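The values are calculated or read from the model by the stated rules, or taken from the named source; none is laboratory data. The shown structure was predicted, so the numbers you read here are calculated from the model rather than taken from an experiment. For neighbour counting, all protein chains shown are included, and Cβ atoms are generated from backbone atoms with ideal geometry for every residue, glycine included. The area values use the complete protein model at the heavy-atom level, side chains included, leaving out ligands, DNA and RNA. Shrake-Rupley method; radii C 1.70, N 1.55, O 1.52, S 1.80 Å.
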Amino acid sequence: MKLIFVWLLTVVMSTPAFALFSVDDETLDQKVDRLDHQERLSFWDVFSEVPNTYMNAGSIAAQRAERSKWLTVGLTTIGALYYDQDLFLEAQKWGRSWGLSNKDELKPYGNINGFTLMWGPSDVSSTLYFLGDGWIHIGGAVGFLGYGYFADRTRPFNTAIEMLNGFLCATIFEQALKRAFG
């Protein structure tokens with residue numbers, strides 16, 4: 001029970017750390033109208049805006065007002081790291097008690113010249129892994145992109161472009177860290 005509490009506390013404390021709040025007199029309808037009449041981003045902004053995204057993130061993160069957010073994330077990370085092995089073992093124990101396997105049972109779907117197009121789930125355990133492997137995020141972005149494009153709505157279209165750009169930037173950063181530190 002202690003582990004569940006620590007995990008929930010970590011999630012609750014970290015989640016709002018980088019949320020953007022705007023305090024103004026603009027109503028929700030005015031905000032939606034303003035956002036829907038912004039300039040529509042190009043699909044290529046997903047890729048071309050990567051350098052600007054990194055520069056903006058760095059300049060925002062370095063601002064004095066952001067220190068408390070970084071402190072919150074840092075402290076909750078330290079707390080999570082301290083309990084990491086215990087949380088991991090407890091989660092595995094729960095999974096086994098629910099009949100879930102610790103083995104990765106993804107199977108290949110579609111091959112072109114020996115190159116697997118996609119690895120997909122083959123049982124309940126691998127379905128959970130599959131969903132947590134980015135497919136929910138990508139599905140959400142594709143949903144926004146499709147709705148924005150076909151309904152000719154700028155806000156969901158731009159949201160999708162910014163989501164995809166964020167995923168790409170996070171992936172580049174994560175891969176750089178993985179390669180640098182093993």
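Just a few scattered comments:
- Cross-chain or 6+ apart pairs with Cβ under 9 Å, region 106-120 first and more than 21 Å from Gly132 (Cα to Cα) and open to solvent by 70 Å² or more (accessible area, probe 1.4 Å), then in a strand (DSSP E or B) and not acidic (Asp, Glu): Asn111/Leu117
- Subset of region 76-93 that is free of Cβ contacts under 8 Å to residues at least 40 places away in the same chain and open to solvent by 70 Å² or more (accessible area, probe 1.4 Å) - its residue that is farthest from Thr171 (Cα to Cα): Lys93
- Evaluated against (1) surrounded by 11 or more Cβ atoms within 10 Å (Cβ to Cβ); (2) within 20 Å of the chain's Cα centre (by Cα); (3) small (Gly, Ala, Ser), Gly58 falls short on exactly one condition, (1).
- Restricting attention to region 42-67, the residues that are within 30 Å of Arg153 (Cβ to Cβ), polar (S, T, N, Q) and outside any helix (DSSP H, G or I) add up to 1.
- Scanning region 25-52 for residues that are more than 22 Å from Leu168 (Cβ to Cβ) and open to solvent by 80 Å² or more (accessible area, probe 1.4 Å), we see that the one that is modelled with the lowest pLDDT is Asp25.
- In the set (1) more than 30 Å from Arg40 (Cβ to Cβ); (2) assigned to a helix (DSSP H, G or I), the condition left unmet by Asp104 is number (2).
- In this entry, Trp70 passes the filter for residues that are within 27 Å of Ala176 (Cα to Cα) and either open to solvent by 50 Å² or more (accessible area, probe 1.4 Å) or not in a loop (DSSP other than H, G, I, E, B) (or both).
- Scanning region 146-164 for residues that are in a helix (DSSP H, G or I) and without any contact (Cβ under 8 Å) to a residue 40 or more places away in the chain gives Gly146, Tyr147, Gly148, Tyr149, Phe150, Pro156, Thr159, Ala160, Met163.
- Residue count for region 123-149 under the criterion of being under 21 Å from Gly95 (Cα atoms), small (Gly, Ala, Ser) and exposed (fewer than 14 other Cβ atoms within 10 Å of the Cβ): the result is 2.
- Of all residues making up region 150-171, the number that are under 17 Å from the mean Cα position of the chain (by Cα), surrounded by 13 or more Cβ atoms within 10 Å (Cβ to Cβ) and of a type in the set (Val, Ile, Thr): 2
- Pairs linking a residue in region 165-182 that is assigned to a helix (DSSP H, G or I) to a residue that is modelled with pLDDT of 90 or more and of a type in the set (Gly, Ala, Ser), with Cβ atoms under 8 Å and 6 or more positions apart or on different chains, are Phe167/Ala141.
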